[in-house]
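Asks: Below is a structure I'd like to ask you about.
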Amino acid sequence: MTDLARIRADFPILNETVRGKKLVFLDSAASAQKPRPVIDAMVHAMEHQYANIHRGLHWMSERTTDAYEAARDAAAGLLNARDRHEIIFTRNSTEAMNLMAHSFGRGMLKPGQAVVISAMEHHSNIIPWQMLRDAHGIELRVAPITDAGELDMPAFTALLADGKVGLVAITHMSNVLGTYTPAERITQIAHARGAKVMFDGSQAIVHRRIDVQAIDADFYCFTGHKLYGPTGIGVLWGRRELLDAMPPFMGGGDMISSVSYERSTWAEVPHKFEAGTPAIIEGIGLKAAIDYVQAIGYDAIAAHEAALTDHALARLSAIEGITIIGRAQDRGGVVSFTLDRAHAHDIATLLDRQGIAVRAGHHCAEPLMRRLGLDSTARASFGIYTTPDEIDALADTLTKIREFFA
Amino acid sequence: MFDDVRDLYNQTILTRGRAPQHMHRLAAFDASAKGDNPMCGDRVEVWLKYAEDGAIAETGYLARGCEISVVSADLMVEAVQGQSPADTKALFTAFRTLVQTGECPDCTPALAPLQPLSAVHKYASRVKCATLPWLALLAALDGVNPSKPASSE
């Protein structure tokens, strides 16, 4: 990307030093840094334009409602949703998946039906379905992955063969392996067997243009804080007719049409699923983040990150004793690895002393770790502000860490 | 490049990390327990054999984790050798203070084998690595259900 320097200048935190060393932030997959427009939008709201939304009959409330609802339009545009009412704001992807397990799982699936997940899910796309299984008599099936870290398509297809599967809930990009799952093929196979498909797009949306109509998804969720936006705001998109048929998730203010002690009726979507005062400031910040990402453009983002990932794989593969975990053909800017002489936590501590931030551990994906025969990995992940020099710094330091533990 | 981490990764830690002295399962034992750090994935299992007077006669462990948790387990085996359960618990209290604060007001000679870990207090995120094997050891001493791991979280 030719204007990488300009992008980096938008992220104030990148000027920080860590223990006297320049910050090399390679942990964006856990949470990304925030550009100036996001920070400014949130501060501006609090300083100039803030009140509760959807209920005030005064100027401040109306303007704040407009600003918050503009985030819904932005999210609908980002995903190419047909209808802005299909955008439900949640706290994060985890809440979106819990909403799904509750409202779709209990509301639409019958005991004896099955939910399919994959062997490379984040805990947030495992636990809600386990809870549903135990409370509602749903069978939980796990589609295996190949040794390269790709979804095993024949096995996935076989899992759907008996027609009992009501929902496939699957990552669109692994937070450990960087693998993209083949969204269009997944929806084709699932729909042919009568199953709906929800994608966990927490990682994918950061790196790639998502068109929920083109991939023929039924549900898609992501979280704001990985997309250069604030924490506390996420999105669940769903097809209108499905959302209309689903019962609410949480009860409270904002989600009702009428209330009496005998009986209450629900508001239309999306408000049916948005009980209580939402994350207003965060919604406004998310709009700024989406605008920021779209101004740069996914073509430029994807090209930048593909080049970075190739560079990282080449540099890290060349270091003796390093094993790259996951060799998927279609992959994004997340690279997990192990080093023969040092545990991931020791690697992370030594990298940190050089100002280099990586993640180390099981990455909230313990079953995947077991599948890989590992307890933990170190993980470097890239964002729109990551430079090839930062990857060189990582590789050079890893070489020295291996010598340190000789 | 790493001169500033030599306090944590000192020669004792590096040497022990490469070749732990006591990492093995006890064939015959009186108590055992597991320790688990669910946030990072470190796991340890500890086995104990008591002498007739109730003191710890032999300790073994298996650990899958970072250098700090493995070396802490390895040094722990030496520190608790011949100690009564009560003295072992007191030793852990002193050790925990050492790795949390770097200070050791109640230090006894029994703590000497654990001194190589004293710099852990400068690395806040690593304190739980050092205490994990001890939590498993204490769970074994207390006869806690071995199927439920002690947790450092």
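Asks: Examine region A:336-348 for a residue that is hydroxyl-bearing (Ser, Thr, Tyr), buried (at least 24 other Cβ atoms within 10 Å of the Cβ) and touching a residue at least 12 places away in the same chain (Cβ under 8 Å), and state whether such a residue exists.
Replies: Yes: one or more hits.
Asks: When you look at B:Val70, is it buried (at least 23 other Cβ atoms within 10 Å of the Cβ), part of a strand (DSSP E or B) and within 13 Å of chain A (Cβ to nearest Cβ), yes or no?
Replies: When the stated conditions are applied, B:Val70 does not pass them.
Asks: Being free of Cβ contacts under 8 Å to residues at least 12 places away in the same chain and in contact with a strand residue (DSSP E or B) (Cβ under 9 Å, 6 or more places away or on another chain) is the filter; apply it to region A:125-152 and report the residue that is surrounded by the fewest Cβ atoms within 10 Å (Cβ to Cβ).
Replies: Ranking the qualifying residues of region A:125-152, first place goes to A:Gln130.
Asks: In addition: Quick check on this structure: which one of A:Ala312, A:Ala288 is surrounded by 17 or more Cβ atoms within 10 Å (Cβ to Cβ), in contact with a Pro (Cβ under 6 Å, 6 or more places away or on another chain), more than 14 Å from chain B (Cβ to nearest Cβ) and modelled with pLDDT of 95 or more?
Replies: Details: A:Ala312 fails: in contact with a Pro (Cβ under 6 Å, 6 or more places away or on another chain).
The unique qualifying residue is A:Ala288.
Asks: Hey, another quick one. Only residues that are closer than 21 Å to A:Thr277 by Cβ and of a type in the set (Ser, Thr, Tyr): list them for region A:94-120, please.
Replies: Selection gives A:Thr94, A:Ser103.
Asks: Assess whether B:Ala130 counts as being of a type in the set (A, V, I, L, M), open to solvent by 70 Å² or more (accessible area, probe 1.4 Å) and within 14 Å of chain A (Cβ to nearest Cβ).
Replies: So B:Ala130 fails the test.
Asks: Of all residues in region A:203-227, which are open to solvent by less than 10 Å² (accessible area, probe 1.4 Å), of a type in the set (Gly, Ala, Ser) and touching a residue at least 40 places away in the same chain (Cβ under 8 Å)?
Replies: Result: A:Ala204, A:Gly224.
Asks: Residue under question is B:Leu8, and the condition is that it be closer than 30 Å to A:Val18 by Cα, open to solvent by less than 10 Å² (accessible area, probe 1.4 Å) and either among the hydrophobic types (A, V, I, L, M, F, W, C) or away from chain A (no Cβ under 14 Å) (or both); does it hold?
Replies: Spelling it out, B:Leu8 is indeed closer than 30 Å to A:Val18 by Cα, open to solvent by less than 10 Å² (accessible area, probe 1.4 Å) and either among the hydrophobic types (A, V, I, L, M, F, W, C) or away from chain A (no Cβ under 14 Å) (or both).
Asks: Here's another thing I want to ask about it. Scanning for something open to solvent by 10 Å² or more (accessible area, probe 1.4 Å), away from every other protein chain (no Cβ under 14 Å) and in a loop (DSSP other than H, G, I, E, B), does region B:73-81 turn up at least one residue?
Replies: There is at least one residue in region B:73-81 that is open to solvent by 10 Å² or more (accessible area, probe 1.4 Å), away from every other protein chain (no Cβ under 14 Å) and in a loop (DSSP other than H, G, I, E, B).
So that you can scan it fast, the table gives a plain yes or no per residue for (1) surrounded by 21 or more Cβ atoms within 10 Å (Cβ to Cβ); (2) more than 21 Å from the chain's Cα centre (by Cα); (3) not charged (D, E, K, R):
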position: A:Val43; (1), (2), (3): no, yes, yes
position: A:Asn52; (1), (2), (3): no, yes, yes
position: A:Gly56; (1), (2), (3): no, yes, yes
position: A:Trp59; (1), (2), (3): no, yes, yes
position: A:Asp73; (1), (2), (3): no, no, no
position: A:Gly77; (1), (2), (3): no, no, yes
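Residue by residue, here is whether (1) within 22 Å of A:Val293 (Cα to Cα); (2) among the acidic types (Asp, Glu) holds:
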{"residue": "A:Pro182", "(1), (2)": "no, no"}
{"residue": "A:Asp216", "(1), (2)": "no, yes"}
{"residue": "A:Thr223", "(1), (2)": "yes, no"}
{"residue": "A:Leu242", "(1), (2)": "no, no"}
{"residue": "A:Met250", "(1), (2)": "no, no"}
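Residue-by-condition table, conditions (1) more than 12 Å from the chain's Cα centre (by Cα); (2) polar (S, T, N, Q); (3) assigned to a helix (DSSP H, G or I); (4) at pLDDT 90 or above:
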{"position": "B:Leu98", "(1), (2), (3), (4)": "yes, no, yes, yes"}
{"position": "B:Leu114", "(1), (2), (3), (4)": "no, no, yes, yes"}
{"position": "B:Trp134", "(1), (2), (3), (4)": "no, no, yes, yes"}
{"position": "B:Leu137", "(1), (2), (3), (4)": "no, no, yes, yes"}
{"position": "B:Pro146", "(1), (2), (3), (4)": "yes, no, no, no"}
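Asks: Further question: For region A:366-386, what are the residues that are within 10 Å of chain B (Cβ to nearest Cβ) and either surrounded by 24 or more Cβ atoms within 10 Å (Cβ to Cβ) or more than 20 Å from A:His123 (Cβ to Cβ) (or both)?
Replies: Once the filter is applied, which keeps residues that are within 10 Å of chain B (Cβ to nearest Cβ) and either surrounded by 24 or more Cβ atoms within 10 Å (Cβ to Cβ) or more than 20 Å from A:His123 (Cβ to Cβ) (or both), region A:366-386 yields A:Ser376, A:Thr377.
Asks: Also, quick follow-up: Hey, among B:Met39, B:Met1, which residue is within 8 Å of another protein chain (Cβ to nearest Cβ), touching a residue at least 60 places away in the same chain (Cβ under 8 Å) and open to solvent by 30 Å² or more (accessible area, probe 1.4 Å)?
Replies: Going through B:Met39, B:Met1 in turn, just one is within 8 Å of another protein chain (Cβ to nearest Cβ), touching a residue at least 60 places away in the same chain (Cβ under 8 Å) and open to solvent by 30 Å² or more (accessible area, probe 1.4 Å): B:Met39.
Asks: Does B:Leu26 meet the test of being among the hydrophobic types (A, V, I, L, M, F, W, C) and either within 14 Å of another protein chain (Cβ to nearest Cβ) or in a strand (DSSP E or B) (or both)?
Replies: Answer is no for this residue.
Asks: Would you be able to tell me the number of residues in region A:387-404 that are open to solvent by 10 Å² or more (accessible area, probe 1.4 Å) and closer than 17 Å to A:Arg341 by Cβ?
Replies: First pass over region A:387-404, keeping only residues open to solvent by 10 Å² or more (accessible area, probe 1.4 Å): A:387-389, A:392-393, A:396, A:399-400, A:402-404.
Going one step further and asking which of them are closer than 17 Å to A:Arg341 by Cβ, we end up with A:396, A:399-400, A:402-404.
Number of matching residues: 6.
Asks: Considering region A:250-277 alone, what residues qualify as being modelled with pLDDT of 95 or more and open to solvent by 30 Å² or more (accessible area, probe 1.4 Å)?
Replies: If the condition is that a residue be modelled with pLDDT of 95 or more and open to solvent by 30 Å² or more (accessible area, probe 1.4 Å), then no residue fits.
The values are calculated or read from the model by the stated rules, or taken from the named source; none is laboratory data. Predicted, not measured: the structure shown is a model, and the values here were computed from it. We place every Cβ from the backbone using ideal geometry, glycine too, and count neighbours over all the protein chains shown. These area figures cover heavy atoms from the full protein model, side chains too; ligands, DNA and RNA do not enter into them. Shrake-Rupley method; radii C 1.70, N 1.55, O 1.52, S 1.80 Å.
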